[in-house]
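One structure is given below, encoded as structure tokens.
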Amino acid sequence: MELASKYNPADVEGKWYQYWLDHKLFSSKPDGREPYTIVIPPPNVTGVLHMGHMLNNTIQDILVRRARMEGKNACWVPGTDHASIATEAKVVNKLAAAGIKKTDLSRDEFLKHAWAWTEEHGGIILKQLRKLGASCDWDRTAFTMDEKRSESVLKVFVDLYNKGLIYRGVRMVNWDPKALTALSDEEVIYKEEHGKLYYLRYKIEGEDGYAVVATTRPETIMGDTAMCINPNDPKNQHLKGKKVIVPLVGRVIPVIEDDYVDIEFGTGCLKVTPAHDVNDYMLGEKYNLPSIDIFNDNGTLSEAAGMYVGQDRFDVRKQIEKDLEAAGLLEKTEAYTNKVGYSERTNVVIEPKLSMQWFLKMEHLAKIALEPVMADDIKFYPAKYKNTYRHWMENIKDWCISRQLWWGHRIPAYFLPEGGYVVAVTDEEALKL
């Protein structure tokens, strides 16, 4: 047999990979050997492999193959994730190209299109992994929306709810105005942006002077319900106990005091808009301030704003700058660079929003996850990431787990005619509660 002068993968890889599959060399069933299992972090069903996947999967394949060579019962479980936001966005765009709006369809009609999309695109990544020689146990291939996984999701949800770890309530969430859904903190990507700092004049009630506020979001002034100063700020002592008038809006709001305010930022005066900023929301809770939601779900101004109703938030930002300047209420603007949160899936600027959602309590779970790492039962490589992990776990917030989407697992909550709800795995079980 003569060796070819050049390696031709087409002559070798397909042939031997098929041999491995035919002889079930990647198959794993429980026996007396030491088990070694990796569950592939499932890539999105709508996607294709990228370099991040490949680095991740190559490391997994090396570890699994080494474990096999060591005589362990090695099992690498493949699968895909239904990717609620990404898949729904792609299906909505495909329908739009055909002149169909999502709102024109019933939920069941939309899901038929979503399943058709999944069946058409869902196997691409798995085929790519096979092409690359991944030694997965393909008989165990799973999909997060298949029947078995769906049953497990509902059972775990009900179990966590019954243990008091899942609750429903109105909280400040990351809102995606394009996908029209809440997001978790992990689905928000912060990007550095070059924008403006707007210095707005708030007339002091009963006086000729003004208090000046520096803000990056002048379009939110319609939701202002207080101004806040640091009680230790020498330059703003004259504002203690006063009230100011929101520019253009005409609403009279109190000046409150809290050492949360950064004396060095801007003028040391902070506009407080509880419905549209996480920190403002906390101030609103602390000082019992009213909350005015001035945005519709799609990022346009709502009736509650009283001005610019129906206009997009960024169009309003441009227009309100002109209107403030014309009214003599814009002192100046400055170039300003800050980090802005974007939706990981739709790449639009997220909007902090008060919304009724479902949350998973994280303190208890974070403690369970942190203890073995701090005791070095689980090790990080490089070791420096141990502290990063600790900081993340010690500062983690409750996880918003509900999404306002049709594609995905439905929360097993059944609402009662007389009000309230029950949580159960099936509607039959719900009727018994």
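The values are calculated or read from the model by the stated rules, or taken from the named source; none is laboratory data. Please read all numbers here as calculations on a predicted model, not as lab measurements. Neighbour counts run over all protein chains shown; Cβ positions are idealised from the backbone, glycine included. The accessibility values were calculated without ligands, DNA or RNA, using every heavy atom of the protein model including side chains. Shrake-Rupley method; radii C 1.70, N 1.55, O 1.52, S 1.80 Å.
Do we find a residue being under 16 Å from Pro247 (Cα atoms) and part of a helix (DSSP H, G or I) anywhere in the stretch 301-316?
Scanning the stretch 301-316, I find at least one residue that is under 16 Å from Pro247 (Cα atoms) and part of a helix (DSSP H, G or I), so the answer is yes.
Out of the residues in the stretch 63-80 that are part of a strand (DSSP E or B) and either aliphatic (A, V, I, L, M) or within 12 Å of Trp406 (Cα to Cα) (or both), state the one that is most open to solvent (accessible area, probe 1.4 Å).
Here the residue is Val77.
Can you tell me how many residues within the stretch 376-403 are open to solvent by 70 Å² or more (accessible area, probe 1.4 Å), in a loop (DSSP other than H, G, I, E, B) and either under 28 Å from Val173 (Cβ atoms) or small (Gly, Ala, Ser) (or both)?
3
Can you name the residue in the stretch 81-122 that is outside any helix (DSSP H, G or I) and under 24 Å from Glu187 (Cα atoms) and is also farthest from the chain's Cα centre (by Cα) among such residues?
My answer is Gly122.
Being under 20 Å from Ser343 (Cβ atoms), surrounded by 12 or more Cβ atoms within 10 Å (Cβ to Cβ) and free of Cβ contacts under 8 Å to residues at least 40 places away in the same chain is true for just one of Lys178, Lys90, Lys94. Which residue is that?
Lys94
Taking the options Asp277, Asp262, Asp233, name whichever one is within 30 Å of Leu365 (Cβ to Cβ) and among the acidic types (Asp, Glu).
Matching residue, one of Asp277, Asp262, Asp233: Asp277.
If you check Leu197 against the conditions, is it surrounded by 16 or more Cβ atoms within 10 Å (Cβ to Cβ), closer than 26 Å to Trp407 by Cα and aliphatic (A, V, I, L, M)?
No.
What residue, among those in the stretch 97-132 that are farther than 27 Å from Leu55 by Cβ and among the β-branched types (Val, Ile, Thr), is most open to solvent (accessible area, probe 1.4 Å)?
Thr103
Looking at Asn232, Asn236, which one is surrounded by 17 or more Cβ atoms within 10 Å (Cβ to Cβ) and of a type outside the set (Ser, Thr, Tyr)?
Exactly one residue qualifies, and that residue is Asn236.
Quick one: in the stretch 133-160, which of the residues that are in a helix (DSSP H, G or I) and among the hydroxyl-bearing types (Ser, Thr, Tyr) is most open to solvent (accessible area, probe 1.4 Å)?
It comes out as Ser152.
Which one is least open to solvent (accessible area, probe 1.4 Å), of the residues in the stretch 37-59 that are without any contact (Cβ under 8 Å) to a residue 40 or more places away in the chain and either in a loop (DSSP other than H, G, I, E, B) or touching a Ser or Thr at 6+ places or on another chain (Cβ under 9 Å) (or both)?
Pro41
Hey, any hits in the stretch 341-364 for a residue that's small (Gly, Ala, Ser) and outside any strand (DSSP E or B)?
For the stretch 341-364, residues small (Gly, Ala, Ser) and outside any strand (DSSP E or B): absent.
Yes/no matrix, rows are residues, columns are (1) more than 28 Å from Thr300 (Cα to Cα); (2) modelled with pLDDT under 95; (3) of a type outside the set (A, V, I, L, M):
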| position | (1), (2), (3) |
| --- | --- |
| Ser152 | yes, no, yes |
| Asp159 | yes, no, yes |
| Ala182 | no, no, no |
| Glu186 | no, yes, yes |
| Ile253 | no, no, no |
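May I ask you to verify whether Tyr281 is touching a strand residue (DSSP E or B) at 6+ places or on another chain (Cβ under 9 Å) and assigned to a loop (DSSP other than H, G, I, E, B)?
Criteria not met by Tyr281.
Pull out all pairs, ordered by first then second residue, where Cβ-Cβ is under 6 Å, the residues are six or more apart or on different chains, the first lies in the stretch 324-336 and is open to solvent by 70 Å² or more (accessible area, probe 1.4 Å), and the second is of a type in the set (Ser, Thr, Tyr).
Glu331/Tyr199; Lys332/Tyr199
Could you give me the residue pairs with C-beta distances under 6 Å whose first residue belongs to the stretch 257-280 and is over 15 Å from Pro231 (Cα atoms) and without any contact (Cβ under 8 Å) to a residue 12 or more places away in the chain, whose second residue is open to solvent by less than 10 Å² (accessible area, probe 1.4 Å) and among the hydroxyl-bearing types (Ser, Thr, Tyr) wherever it lies, and which are 6+ apart or on separate chains?
Short answer, once both residue conditions are applied: Asp280/Thr273.
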